[in-house]
Amino acid sequence: MLLRDANTPMMAACWFAVLKAGAIAVGTMPLLRARELHYIIDKAKVRYALCAEDLAAELDAARQQTATLEKLVLFRSERPDGLEARMARQPQRFANVITSHDDVALIAFTSGTTGAAKGTMHFHRDLLAICDCFPKLLTLDPDDIFCGSPPLAFTFGLGGLLLFPMRVGASTLLLPKVTAEGLLQAIQRHRCTVCFTAPTLYRAMAELARNFNLASLKTCVSAGETLPLPVFEAWQRATGIKIVDGIGSTEMLHIFISAAGDEIRPGATGKPIPGYQAMVVDEAGKPVPPDTVGRLAVRGPTGCRYLDMPEQQQKYVQNGWNLTGDAYRCDGDGYFWYQARTDDMIVSAGYNISGPEVEAALLDHPKVLECAVVGSPDSERGEIVKAFVVLRPGAAADETTRTALQDHVKAVIAPFKYPRAIEFVAALPRTETGKIQRFRLREEERAHAAKTAP
């Protein structure tokens with residue numbers, strides 16, 4: 001059953017109802033268009049859909065293109081055939097369908113940072129597993145009030161804003177639309193104690209935090225993309241709270257490496273959380289020595305099960321280990337340090353350069369609001385480091401600023417890593433979940449290089 005709405009109580013109720021009825025939940029983001037919905041419907045063979053009435057137009061258009069979707073029921077609707085009217089005609093209690101621990105509970109689609117979305121299947125047991133693994137680091141209790149920005153259709157949001165609070169008997173504040181100022185207002189007004197959001201929003205909130213009473217807030221979790229050290233430090237200065245960084249994936253369902261409290265090492269993601277194992281391996285799948293960059297491999301109570309994609313499944317799961325597509329190094333104390341997505345590693349004149357490391361350096365400059373760094377084809381060096389930069393209001397997008405940013409990077413990290421090309425842009429391409437789509441920038445650079453090649 002496809003579910004379509006923003007983060008609302010009705011979306012949460014529908015999600016639980018689908019599982020209690022023994023069906024499979026397929027959550028979708030509000031901003032998805034007919035083409036994307038059509039792909040999901042066909043891939044997951046969706047037969048039924050529950051959708052907020054104000055979001056029905058795109059789903060209706062997708063329905064016209066497929067014979068799979070048999071029935072669409074709308075909610076937040078006064079229609080006689082709407083979900084509210086149907087609910088009113090039903091008994092208040094019903095018997096849950098008895099499911100097996102290894103029945104599929106949900107199909108979650110990847111957000112598309114590395115290309116076409118992939119459906120990932122997770123069992124009923126997986127939902128409980130993530131509730132009893134990562135949250136153990138956070139010291140949660142029934143008095144907590146959760147809040148945040150990730151959509152419930154995104155597994156980071158599903159865990160952090162629905163499953164985790166329900167598991168410990170706590171409360172959750174679901175916000176249909178989230179801005180930095182809006183989330184800070186919500187924390188102040190509702191006395192929220194736990195926040196789940198992405199680095200981009202923490203960066204924006206850090207600049208506004210002094211205008212709000214955030215005394216209730218005790219735990220802040222970041223995931224979805226790498227947490228730059230300048231963002232960690234800015235948030236700590238503004239609130240006194242250390243952000244709990246974590247890496248997870250749609251394939252693994254939720255976070256599997258993290259650290260909290262005194263275990264946090266700023267800049268490091270952390271260690272494998274209880275229940276999971278992780279190591280850094282070479283291209284042959286063999287463990288590499290400490291502080292050697294390689295591929296991250298993980299295993300534990302959850303794992304990747306792609307829907308009808310056997311080739312991708314064989315690439316992601318090898319010898320029982322999930323290869324997440326991230327480049328990491330592990331130090332002698334067992335802490336994992338993020339380097340890049342494996343396809344974000346830039347090889348320039350024989351040097352391996354981490355795109356996110358250059359991004360972190362640029363973000364430390366007062367004129368930079370956001371940035372993304374990729375490798376751009378170059379005839380002499382193979383690739384050069386290119387930065388796409390969104391400047392803060394008032395900053396001039398000129399050669400003086402470009403040189404200043406390059407000099408700044410040279411001053412804070414190894415000079416050979418500086419961006420030899422900087423393009424000023426109004427915005428960066430992002431997925432519905434807010435992740436930067438670096439693969440689109442790389443594709444544009446390759447296409448331009450092909451057109452201009454002699």
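In the range 75-84, of all residues being in contact (Cβ under 8 Å) with a residue 12 or more places away in the chain and either not assigned by TED's automatic domain parsing to the domain that holds R33 or not charged (D, E, K, R) (or both), the one that is surrounded by the most Cβ atoms within 10 Å (Cβ to Cβ) corresponds to F75. Candidates are the residues of the range 338-359 that are among the hydrophobic types (A, V, I, L, M, F, W, C) and more than 18 Å from the chain's Cα centre (by Cα); the one that is modelled with the lowest pLDDT is M345.
When every residue of the range 65-80 is checked against the conditions, at least one turns out to be within 30 Å of Q185 (Cα to Cα) and within 29 Å of the chain's Cα centre (by Cα). For the range 236-282, a residue qualifies if it is among the hydroxyl-bearing types (S, T, Y) and either under 18 Å from the mean Cα position of the chain (by Cα) or closer than 14 Å to D326 by Cα (or both), and the qualifying residues are S249, T250, S258, T269. The strands (runs of 3 or more DSSP E) found entirely in the range 210-318 that carry 3 or more residues being in contact with a Phe, Trp or Tyr (Cβ under 6 Å, 6 or more places away or on another chain) and either farther than 30 Å from H190 by Cα or without any contact (Cβ under 8 Å) to a residue 60 or more places away in the chain (or both) are 294-299.
When T120, T197, T155 are checked against the criterion of being buried (at least 21 other Cβ atoms within 10 Å of the Cβ), polar (S, T, N, Q), touching a Cys at 6+ places or on another chain (Cβ under 7 Å) and under 23 Å from Q437 (Cα atoms), a single residue qualifies: T120. Considering the range 36-51, and only residues there that are assigned to a strand (DSSP E or B) and of a type outside the set (F, W, Y), the residue that is nearest to R86 (Cα to Cα) turns out to be L50. Of all residues in the range 260-293, those satisfying the criterion of being among the small types (G, A, S) and either touching a Lys or Arg at 6+ places or on another chain (Cβ under 6 Å) or surrounded by fewer than 19 Cβ atoms within 10 Å (Cβ to Cβ) (or both) are G261, G267, G275, A284, G285.
Being more than 14 Å from A6 (Cβ to Cβ) and surrounded by 19 or more Cβ atoms within 10 Å (Cβ to Cβ) holds for only one residue in L184, L162, and it is L184. What are the pairs with Cβ atoms under 7 angstrom where one residue, in the range 60-74, is in contact (Cβ under 8 Å) with a residue 40 or more places away in the chain and the other, located anywhere, is assigned to a strand (DSSP E or B) and surrounded by 14 or more Cβ atoms within 10 Å (Cβ to Cβ)? Sequence gap at least six, or different chains. From the range 60-74, the pairs are L69/A49. Here the range 427-454 is the region considered, the condition is being among the polar types (S, T, N, Q) and under 27 Å from P30 (Cα atoms), and the residue that is surrounded by the most Cβ atoms within 10 Å (Cβ to Cβ) is T433. Taking the conditions exactly as written (within 26 Å of L127 (Cα to Cα), touching an Asp or Glu at 6+ places or on another chain (Cβ under 8 Å) and not assigned by TED's automatic domain parsing to the domain that holds G355), does P301 satisfy them or not? Criteria met by P301.
Residues in the range 372-409 that are surrounded by 19 or more Cβ atoms within 10 Å (Cβ to Cβ), of a type in the set (D, E, K, R) and either assigned to a helix (DSSP H, G or I) or modelled with pLDDT under 95 (or both): E383 alone.
Within the range 85-104, work out how many residues are outside any loop (DSSP other than H, G, I, E, B), surrounded by 10 or more Cβ atoms within 10 Å (Cβ to Cβ) and without any contact (Cβ under 8 Å) to a residue 60 or more places away in the chain. The qualifying residues number 3.
Scanning the range 346-363 for residues that are surrounded by fewer than 17 Cβ atoms within 10 Å (Cβ to Cβ) and either under 23 Å from L201 (Cα atoms) or hydroxyl-bearing (S, T, Y) (or both) yields one hit, Y351.
For the range 321-367, a tally of residues being without any contact (Cβ under 8 Å) to a residue 60 or more places away in the chain and farther than 23 Å from P287 by Cβ returns 7.
The values are calculated or read from the model by the stated rules, or taken from the named source; none is laboratory data. A quick note: this is a predicted structure, and the numbers were derived from the prediction, not measured. Please note: Cβ atoms are built from the backbone with ideal geometry, for glycine as well, and neighbour counts cover all protein chains shown.
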